[in-house]
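Visitor: This is the structure I have questions about; it appears just below.
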Amino acid sequence: MSDATQHGAGQPATRSLHHLDARTKRRNASEKRFKALGIGAIGIGLAFLVILLVTIVSNGATAFQQTFVEVPVYLDAAKLDKKGNRDPEDLKKATTFTYKPLIEKALLDAVEKSGATTDLAKAKDMKNLISASAASQVRDAVLADPSLIGTTVDFKILASSRVDSYLKGRVHRDEIAKDKNITVAQLDLVDQLRDAGIIHKGFNWAFIFGADASDSRAEQAGIGISMLGSFYMMLVVLVLALPIGVAASIYLEEFAPKNRFTDLIEVNISNLAAVPSIVFGILGLAVFIQFAHLPQSAPLVGGLVLTLMTLPTIIISTRAALKAVPPSIRDAALGVGASKMQSVFHHVLPLAMPGILTGTIIGLAQALGETAPLLLIGMVGYIATNSPDGFLDGFVSPNSAMPAQIYEWAKRADPAFYERAWGGIIILLIFLLGMNIIAIILRRKFERRW
Amino acid sequence: MPVLWIVVIVVVLAVVGFVMGRMRALHSAGEDRRSLHSLPNYYGFNVAMFTAVPALLLLLVWMVAQPLIVNTRVSAEIPEALLDGSNMSLVMSDVRRVADGLDTAIAQGALSARQAANIDLQTTDLREVLGSVGVALGSSVDPATLNAAQTYRGMTSTGDLAMTVLVLLAAIAGFAFAYLRTNKDFRARNTVEKGVRVLLIAAASIAILTTIGIVLSLVFNTIEFFRLYPITDFFFGTTWSPSFGGGSELGILPLLWGTLYISLVALLVAVPIGLFAAVYLSEYATKSVRGVVKPLLEVLAGIPTIVYGLFALLTVGPFLLSIFGANGPTAAMADGGWMHAGTAVMTAGLVMGIMLIPFVSSLSDDIINAVPQSLRDGSYGLGATKSETIKQVILPAALPGIVGAVLLATSRAIGETMIVVLGAGAAARLSMNPFDAMTTVTAKIVSQLTGDADFASPEALVAFALGMTLFVLTLGLNIFALYIVRKYREQYE
């Protein structure tokens with residue numbers, strides 16, 4: 001265009017419009033660059049997502065496999081039941097220290113029988129191969145059925161965490177010079193035992209349903225109990241946040257007069273939605289624990305804190321759902337003689353319900369993954385080993401929660417716990433994915449275009 | 001009587017009230033529904049509401065107030081000698097523990113009620129008795145503590161009895177009041193709807209209560225902290241070295257520096273990527289690309305922060321260390337490498353930046369979409385290319401909103417906890433090197449308040465002052481950001 005004016009009117013253009021001049025080329029190149037920047041930004045963002053997911057899956061998948069040792073243990077009556085009367089009270093006196101040598105001896109026998117060549121000839125040398133939990137596993141079996149004493153029973157016991165790490169490729173021969181928990185000779189033996197089928201890997205149900213274990217027993221740690229803690233917290237959040245959130249939204253959307261009090265509530269809700277989650281933890285610590293003396297580490301307290309945290313999310317999405325119901329519905333209800341309250345509760349609320357549920361599920365998912373407030377109300381540093389005795393006890397007995405458990409594992413010194421932390425994240429993400437899919441299905445199935 | 005039973009009784013009364021109220025209304029109308037003012041159910045709800053709501057409210061208030069009153073009364077009785085070398089909250093927790101222990105002992109039959117009331121410390125070893133029922137005490141019971149515990153038990157049991165009686169009385173009185181009022185001309189629906197409205201207002205007010213709770217819990221403990229530690233040393237001190245033995249230096253400046261530095265790195269990652277992604281998605285992308293990419297990017301926002309924390313600690317940290325550490329390719333440029341450990345400002349900042357990408361891109365996307373189409377059309381009509389239109393028309397028009405989005409992202413970054421707790425390190429220092437480990441306000445709140453710290457020491461109370469600083473900072477940023485966004489929106493509506 002600018003060229004044409006320069007040449008003046010009446011003069012025919014000397015060049016075809018299809019011939020690009022330098023300036024146009026520059027502008028087009030700049031256009032392409034800009035577009036490429038946009039694509040690049042999206043590419044980087046998506047690449048981060050892929051890297052994150054690949055890291056999680058590749059590091060965490062091994063947590064679902066665990067190394068086991070299959071060994072027939074001879075339950076020596078002379079050692080376990082010295083009085084010979086099979087009285088359960090007397091059997092209880094035999095501690096795990098009595099059982100340990102039996103298992104080590106049994107493993108040594110199995111090694112000799114399998115024909116493995118090794119210099120390890122003492123039962124004590126087997127100690128590092130098996131988990132410290134093996135003794136209590138055998139003891140529990142004996143206490144449950146005293147008639148086993150004197151017979152040889154096949155047990156599937158956990159291998160020690162070093163053996164497990166070795167077979168998963170995390171522990172290498174050249175790195176264990178200073179490790180007092182395993183020796184090269186023992187690793188050689190592990191290789192032979194694996195070929196003989198005595199040591200093998202299996203699916204790790206105990207990781208999903210089991211309890212956490214102390215610092216020295218990475219092979220035994222599971223996320224089951226803290227999953228239960230998370231479940232109780234979500235129950236508290238659902239029971240409190242859904243009715244309160246819906247009631248508050250109904251008031252604000254349908255009844256609230258336009259005045260200062262309403263404004264105050266609105267400002268508060270939008271600000272609470274942006275308050276850092278750790279501040280809610282401080283609130284929980286000061287109000288629920290210091291002031292109201294509720295028990296520390298209890299899912300009830302965690303649930304209360306998370307309720308306050310998710311309320312703004314639920315209120316905002318519920319209000320959007322209520323707003324989406326067209327005014328004609330309300331007018332029609334009022335027209336046939338319903339009261340304002342009846343029009344809302346009988347007509348508007350049921351129509352808004354899918355939207356409200358979607359918002360609630362997303363709020364719950366957010367609460368499920370939240371960690372920071374839980375740190376302050378004592379849900380870490382606590383080893384979640386006992387499941388609660390009964391339903392009501394589950395709310396007040398100390399427990400952990402899934403994200404808090406993951407944090408706890410990430411802090412521990414033994415790298416074997418890192419695998420558990422990643423595995424825990426996989427489980428957590430599966431829950432979140434499930435909740436979000438339910439929310440999407442709800443929205444798709446019940447969404448209405450007015 | 002346990003609280004659960006009181007609640008059950010009140011609820012049962014309310015259900016009975018519903019049935020009886022409904023029947024009485026129908027009866028007064030001669031079983032003819034049409035001559036009632038309201039639907040029969042409303043008469044029932046009316047009685048149920050008057051039975052349950054005041055009684056349960058009283059129960060709630062009582063349960064909050066009673067421990068407070070008992071605590072103040074009992075702590076007034078504790079002799080000064082017992083406070084020597086300890087503090088009130090510790091002594092009171094001892095007292096409560098002994099009192100609860102005695103109750104447990106009675107419940108399990110280790111002591112009779114009379115024995116428990118007249119314990120002589122000379123003849124019984126209370127610690128052993130309580131130990132046998134599963135209540136472990138740190139030391140032998142002091143006579144003064146036992147005395148206070150007995151007072152505590154006495155007041156608590158009197159209070160519990162009074163509570164049971166009063167709550168049940170309130171329920172019965174409400175029942176009788178509403179039941180007697182019930183007849184066919186009574187405007188039951190209006191009363192019930194008024195009641196429901198009050199409940200709705202109460203639910204909406206919880207947002208205000210939460211804010212008040214946050215502010216009060218922060219303010220009181222912060223004031224307590226400034227009583228023990230000078231306010232100027234806190235705000236202007238350049239050393240952070242808490243030690244629970246005393247002699248701590250608690251200057252906030254190194255923490256604020258770490259917080260801002262990490263946030264800066266995070267924003268340097270998130271803002272360009274997020275902004276360009278938003279521009280591409282809203283201006284260039286076809287509908288189908290947008291429909292796939294936008295939710296995928298938003299997945300990043302839905303991932304819990306603990307996952308990012310672990311990612312920083314175990315993946316990004318070691319990766320950066322292998323490049324910038326002592327054995328990396330850049331080691332020759334700096335003496336022994338810039339980075340000495342996996343946890344660093346860069347680690348936390350980078351990962352936090354990834355987390356913030358969808359935050360920036362979604363907000364910017366909304367804002368860019370809100371720019372009226374007429375502006376674009378005008379620009380195209382003048383012969384501008386797409387990128388020229390974006391750079392010279394759309395971005396300037398959307399700038400206030402984008403600034404608002406960046407401010408909101410900053411507030412997110414400042415308040416983020418798990419990533420910095422796991423990825424940034426624990427050492428507080430004032431350094432310019434982005435590969436040094438530094439720590440933040442949020443990370444220190446966590447470390448000062450977890451563990452067995454004594455809540456009355458300045459080392460624990462400082463966490464509340466830090467929380468207060470954080471709250472004020474993020475609140476200020478949010479309000480400012482919302483103000484900008486709102487002001488901008490008004491221009492085009």
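The values are calculated or read from the model by the stated rules, or taken from the named source; none is laboratory data. Computed from a predicted structure; not experimentally measured. Note that we place each Cβ from the backbone using ideal geometry, even for glycine, and neighbour counts take in every protein chain shown.
Visitor: Among the residues that make up region B:176-193, is at least one of them of a type in the set (A, V, I, L, M) and within 33 Å of the chain's Cα centre (by Cα)?
Guide: No; the residues of region B:176-193 include none that is of a type in the set (A, V, I, L, M) and within 33 Å of the chain's Cα centre (by Cα).
Visitor: Next question, about the same structure. Pick from region A:180-193 the residues that are in contact with a helix residue (DSSP H, G or I) (Cβ under 7 Å, 6 or more places away or on another chain) and closer than 25 Å to A:Gly60 by Cα: which of them is surrounded by the fewest Cβ atoms within 10 Å (Cβ to Cβ)?
Guide: A:Asn181
Visitor: So, in region A:48-65, how many residues would count as being hydroxyl-bearing (Ser, Thr, Tyr), farther than 23 Å from B:Val269 by Cβ and surrounded by 16 or more Cβ atoms within 10 Å (Cβ to Cβ)? Before the answer, list the steps.
Guide: Filtering region A:48-65 for residues hydroxyl-bearing (Ser, Thr, Tyr) gives A:55, A:58, A:62.
Next cut, farther than 23 Å from B:Val269 by Cβ only: A:58, A:62.
Now restrict to residues that are surrounded by 16 or more Cβ atoms within 10 Å (Cβ to Cβ): A:62.
Residues meeting the conditions: 1.
Visitor: Go through region A:413-432 residue by residue and tally those that are at pLDDT below 90 and more than 12 Å from every other protein chain (Cβ to nearest Cβ).
Guide: Adding up the residues that qualify gives 3.
Visitor: Return the residue satisfying two criteria in turn: it lies in region A:97-138 and is among the charged types (D, E, K, R) and closer than 22 Å to A:Asp215 by Cβ, and of such residues it is surrounded by the fewest Cβ atoms within 10 Å (Cβ to Cβ).
Guide: The extreme case among them is A:Lys127.
Visitor: Being surrounded by 17 or more Cβ atoms within 10 Å (Cβ to Cβ), within 20 Å of B:Asn190 (Cβ to Cβ) and more than 14 Å from chain B (Cβ to nearest Cβ) is the filter here; which residues of region A:334-351 pass it?
Guide: Correct list: A:His347 only.
Conditions tested, residue by residue: (1) over 23 Å from A:Ala404 (Cα atoms); (2) in the same structural domain as B:Met339 (by TED's automatic domain parsing); (3) part of a helix (DSSP H, G or I).
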position	(1), (2), (3)
B:Ala398	yes, yes, yes
B:Gly401	yes, yes, yes
B:Thr410	yes, yes, yes
B:Leu430	yes, yes, no
B:Phe435	yes, yes, no
B:Ala463	no, yes, yes
B:Gly467	no, yes, yes
B:Asn478	yes, yes, yes
B:Val485	yes, yes, yes
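Visitor: In addition: May I ask you to say which residue of A:Lys323, A:Lys258 is in a helix (DSSP H, G or I) and at pLDDT below 95?
Guide: Values: A:Lys258 fails: in a helix (DSSP H, G or I).
A:Lys323 is the lone residue from the list that is in a helix (DSSP H, G or I) and at pLDDT below 95.
Visitor: Another question, then. Of all the residues that make up region B:282-302, how many are more than 7 Å from chain A (Cβ to nearest Cβ), touching a residue at least 40 places away in the same chain (Cβ under 8 Å) and closer than 27 Å to A:Ala367 by Cα?
Guide: Within region B:282-302, residues that are more than 7 Å from chain A (Cβ to nearest Cβ), touching a residue at least 40 places away in the same chain (Cβ under 8 Å) and closer than 27 Å to A:Ala367 by Cα number 3.
Visitor: Just to be sure I understand, how many residues within region B:151-167 are surrounded by fewer than 17 Cβ atoms within 10 Å (Cβ to Cβ) and within 21 Å of B:Met49 (Cβ to Cβ)?
Guide: Result for region B:151-167: 1.
Visitor: Of the residues that sit in region A:249-280 and are within 7 Å of another protein chain (Cβ to nearest Cβ) and farther than 23 Å from B:Thr442 by Cα, which one is surrounded by the fewest Cβ atoms within 10 Å (Cβ to Cβ)?
Guide: A:Leu264
Visitor: If the Cβ limit is 6 Å and pairs must be 6+ apart or interchain, which residue in region A:182-193 that is in a helix (DSSP H, G or I) pairs with which residue that is acidic (Asp, Glu)?
Guide: Here the result reads A:Ala185/A:Asp119, each pair linking region A:182-193 to a residue that is acidic (Asp, Glu).
Visitor: If you scan region B:368-400, which residues turn out to be surrounded by 15 or more Cβ atoms within 10 Å (Cβ to Cβ), under 15 Å from B:Phe276 (Cα atoms) and away from chain A (no Cβ under 14 Å)?
Guide: Listed by number, the list holds a single entry, B:Ala398.
Visitor: Would a scan of region A:21-35 turn up a residue that is hydrophobic (A, V, I, L, M, F, W, C) and more than 12 Å from chain B (Cβ to nearest Cβ)?
Guide: Taking region A:21-35 first, the residues hydrophobic (A, V, I, L, M, F, W, C) are A:22, A:29, A:34.
Cutting the leftovers down to more than 12 Å from chain B (Cβ to nearest Cβ) gives us A:22.
Taking every residue of region A:21-35 in turn, at least one turns out to be hydrophobic (A, V, I, L, M, F, W, C) and more than 12 Å from chain B (Cβ to nearest Cβ).
Visitor: Another one. Quick check on region A:79-96: of everything there that is in a helix (DSSP H, G or I) and touching a residue at least 40 places away in the same chain (Cβ under 8 Å), which residue is surrounded by the most Cβ atoms within 10 Å (Cβ to Cβ)?
Guide: Checking each candidate, the answer is A:Leu80.
Visitor: Can you pull out every residue in region A:372-410 that is part of a helix (DSSP H, G or I) and within 8 Å of chain B (Cβ to nearest Cβ)?
Guide: Answer for region A:372-410, where residues must be part of a helix (DSSP H, G or I) and within 8 Å of chain B (Cβ to nearest Cβ): A:Ala372, A:Leu375, A:Leu376, A:Pro403, A:Ile406, A:Tyr407, A:Ala410.
Visitor: How many residues does region A:314-364 hold that are more than 40 Å from the chain's Cα centre (by Cα) and among the aliphatic types (A, V, I, L, M)?
Guide: 7
Visitor: Continuing with this model, one more query. Restricting to region B:466-480, and then to whatever is over 16 Å from A:Val267 (Cβ atoms) and within 7 Å of another protein chain (Cβ to nearest Cβ), can you tell me which residue is surrounded by the most Cβ atoms within 10 Å (Cβ to Cβ)?
Guide: In this case the residue turns out to be B:Gly467.
Visitor: Kindly indicate whether any position in region A:154-172 is over 38 Å from the mean Cα position of the chain (by Cα), in contact (Cβ under 8 Å) with a residue 40 or more places away in the chain and in the same structural domain as A:Asp195 (by TED's automatic domain parsing).
Guide: Our first condition is that a residue be over 38 Å from the mean Cα position of the chain (by Cα); within region A:154-172, this holds for none.
No, region A:154-172 contains no residue that is over 38 Å from the mean Cα position of the chain (by Cα), in contact (Cβ under 8 Å) with a residue 40 or more places away in the chain and in the same structural domain as A:Asp195 (by TED's automatic domain parsing).
Visitor: Could you list, in sequence order, the residues of region B:220-266 that are of a type in the set (D, E, K, R) and more than 14 Å from chain A (Cβ to nearest Cβ)?
Guide: If we filter region B:220-266 for residues that are of a type in the set (D, E, K, R), which is where we start, we get B:224, B:227, B:233, B:249.
Passing the criteria: B:Arg227, B:Asp233, B:Glu249.
Visitor: Next question. Find the residue count for region B:157-200, including only residues that are more than 12 Å from every other protein chain (Cβ to nearest Cβ) and β-branched (Val, Ile, Thr).
Guide: Adding up the residues that qualify gives 6.
Visitor: Could you tell me which of the residues A:Ala365, A:Ala338, A:Ala404 is more than 28 Å from A:Ile250 (Cβ to Cβ) and not aromatic (Phe, Trp, Tyr)? It would help to see each step written out before you state the result.
Guide: On the way: A:Ala365 fails: more than 28 Å from A:Ile250 (Cβ to Cβ); A:Ala338 fails: more than 28 Å from A:Ile250 (Cβ to Cβ).
Going through A:Ala365, A:Ala338, A:Ala404 in turn, just one is more than 28 Å from A:Ile250 (Cβ to Cβ) and not aromatic (Phe, Trp, Tyr): A:Ala404.
Visitor: Which is in contact with a Pro (Cβ under 8 Å, 6 or more places away or on another chain) and either not aromatic (Phe, Trp, Tyr) or not in a helix (DSSP H, G or I) (or both), of B:Leu300, B:Leu255, B:Leu218, B:Leu260?
Guide: B:Leu300
Visitor: Out of region A:143-166, which residues are under 30 Å from A:Arg420 (Cα atoms) and touching a helix residue (DSSP H, G or I) at 6+ places or on another chain (Cβ under 7 Å)?
Guide: A:Phe155, A:Ile157, A:Leu158, A:Ala159, A:Ser160, A:Ser161, A:Arg162, A:Val163, A:Asp164, A:Ser165, A:Tyr166
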